[in-house]
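Here's the structure we're looking at; comments come further down.
The values are calculated or read from the model by the stated rules, or taken from the named source; none is laboratory data. Just so you know, these numbers come straight off a predicted model, no measurement behind them. Glycine also receives a Cβ, built like all others from the backbone with ideal geometry; neighbour counts cover every protein chain displayed.
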Amino acid sequence: MESNPVSLSEEQVEGAGRAAGIGVTFDETIGLYQPEEAQSTARDVAILFVSPWGYDEMCVRKSIRIFAERLAARGYPSLRFDYPGTGDSAADVMSVESLAAWEDSIVAAAAELKSLSRRNRLVLIGHGLGATLAHRAAARIEDVSGIAMLAPVTSGRTYLREIGFRAKFIYEDLGLKDDDRFQDQISIAGLIMPPKVAQEVKALNLAAPQTATASRYLILERQHRVSELALADALREGGATEVIQEEYLNYDLLMTMPLTAREPREMMERVIEWADMLSLPTDLRALLPAGDQQLTGDGFVEQPVRFGDYDHLSGIVCRPEGEIRGRSVLLLSTAYDRHSGWGRGIADLARDLARQGILSLRFDSANVADSPPRPGQPDRVLYSDGQNEDASAALNFLESLRHGPLMIAGRCSGGYVAFRAGLADKRVQAVVSVNPFVFFWEPGKIVPEDVSIVPRSLNDYGQRFVRKETLWRLLRGEVNIRAALRNMTIALGRRLSFRFAPILMKLPGKHSVAAEVRSAFDTYAKRHVPVSIMYSEADVGLEHLYFQFGAGGERLRRYPNVHLQMLANADHNLTPPRVRQRFVDEVKALALK
């Protein structure tokens, strides 16, 4: 979950001004291809990234983009892609019937990369479960010179148990009730591992005797596991000529949460140094993919696109198979979720819209996931002006595809950007904003780096303290009691503050924010733009809403164009499918109105 922006660095951000990776489609999925840079000394090896699964993939997504850019600067073309049933792939998650489907996609990705890069030799870089799958799939790929296994899953049983523990804390932190926690499935962050895949993952054991599928391996293990040598020994006994095992530096800083993840640059440089030992300079230069890449699914046709000042914004256009109707929709994710969304919700929403004849665009803002940063923009982009500029560029691109009415929708920081971007652009004829933290962010306002201890709503604290999971965490010392008490005091102050809002809003700082918010809603009213605002019942953003518009948002009634909806038993991220469907239905209704 994300709630507030973090402190920003003014230093030049790595990758600023680059173009995004080039979208390619193959084997019913979408990948991003990164050719070597023109000014680099080309190497005769191409790099295939094999991603982890679930929450791990969300945490490493931006890092893999940066890794691919660094490799391109050193002369290596690369490809990264989504497994069937994940991310932007066409398949529904429940249609994946075996782990072999994911391994088949690795083999298909290898063939695609060889064709585009004009290289015969590959190095596979796998992370987490992806490292294990890379090792297994490499047996079916010719000329694999080496495999870098980053925090590999050596025991499937242990791995699934770790997912269960982590998911429990995430769902407890989101305030989800037992009925909404996917208890009978392997699930985390709203993502479900296909049941048959989970059964096969549980049986994985890389410490057992096995055949090496490459001659050279680099294993970077988590600190507390670097002394475990069973995998390295098994690979040596299985025929590998070289197996290097070292510590994965700063792994924990990467795998906390997508919002606060720090890129492990030491790891990247170590892997590149190792790859240099396996490759040679070459005169070969990679090909550019054909421009008509399309992915056809159940009632939709998707196309990966790049747009913006530097072609730096990476997105997906989703079209209906038949006639287009209604408003075209710009779908915004949060500032740290990739554009497929939390629990894959944005991708599912876009495809539901396509089945109703509605065109949509979803994309990553600059310096989020697969989109490189703009020059001069901060490293952490949450609530920055750059997000509004990106939304404007996306609206321009969407209108270039089809001239006609536009609307915009998003959740959390995406809901905030939707509200502000629709305000600034008269082409926008409808807005859906879900759980926005604020409607106006004060320029220059900075909040603590550790957003995991940002104050919640008072209702949320009340609900948490009656749950046994919270009590057990308190007893085990897993809750920062001092921070919790401080934040509860802040939450109580905010609750009291909206009771006295008419007086407090006369203060200089409060008055200016209130005036900005009123002006925004007045502007929408004068333009007769429907604005749908949706809040989970205990969401922290309600305190801002109530401060501005009274308890229950009663003063919003003066705006006939504004529709306020409360989502019962919903978390901030809209994790349960039944809650997410309310969002889908609202966007669909406004798009067709």
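Across segment 90-115, the number of residues qualifying as in a helix (DSSP H, G or I) and either more than 17 Å from V50 (Cα to Cα) or among the charged types (D, E, K, R) (or both) comes to 8. Whether a residue is in contact with an Asp or Glu (Cβ under 8 Å, 6 or more places away or on another chain) and under 30 Å from F363 (Cβ atoms) was assessed, and T260 passes this test.
Listed conditions (1) surrounded by fewer than 22 Cβ atoms within 10 Å (Cβ to Cβ); (2) more than 24 Å from A275 (Cα to Cα); (3) at pLDDT 95 or above are all met by G23, apart from (1). Entry remark, segment 132-185: residues being surrounded by fewer than 17 Cβ atoms within 10 Å (Cβ to Cβ), among the basic types (K, R) and without any contact (Cβ under 8 Å) to a residue 24 or more places away in the chain number 1 in total. Can you confirm whether E37 is acidic (D, E) and either modelled with pLDDT of 95 or more or part of a strand (DSSP E or B) (or both)? So E37 passes the test.
For (1) under 16 Å from the mean Cα position of the chain (by Cα); (2) without any contact (Cβ under 8 Å) to a residue 40 or more places away in the chain; (3) in a loop (DSSP other than H, G, I, E, B); (4) closer than 19 Å to F397 by Cα, each residue gets a yes or a no:
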site	(1), (2), (3), (4)
Q293	no, no, yes, yes
E302	no, no, no, yes
D309	no, no, yes, yes
S340	yes, no, yes, yes
S365	yes, no, yes, yes
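Given the conditions (1) within 25 Å of the chain's Cα centre (by Cα); (2) crowded, with 24+ Cβ neighbours inside 10 Å; (3) in contact (Cβ under 8 Å) with a residue 60 or more places away in the chain, which single one is not true for D104? With (1) within 25 Å of the chain's Cα centre (by Cα); (2) crowded, with 24+ Cβ neighbours inside 10 Å; (3) in contact (Cβ under 8 Å) with a residue 60 or more places away in the chain applied to D104, the lone miss is (2).
Return yes or no: is T211 surrounded by 14 or more Cβ atoms within 10 Å (Cβ to Cβ) and hydroxyl-bearing (S, T, Y)? Quick ask: steps written out before the conclusion?
Working: surrounded by 14 or more Cβ atoms within 10 Å (Cβ to Cβ): no; hydroxyl-bearing (S, T, Y): yes.
So T211 fails the test.
Residues in segment 311-331 that are assigned to a strand (DSSP E or B), touching a residue at least 40 places away in the same chain (Cβ under 8 Å) and farther than 12 Å from A90 by Cβ: L313, S314, G315, V317, R319, S328, V329, L330, L331. Restricting attention to segment 250-284, the residues that are surrounded by 15 or more Cβ atoms within 10 Å (Cβ to Cβ), closer than 19 Å to S115 by Cβ and not polar (S, T, N, Q) add up to 1.
Of all residues in segment 541-558, exactly one satisfies the criterion of being at pLDDT 95 or above and under 13 Å from V517 (Cα atoms), namely L556.
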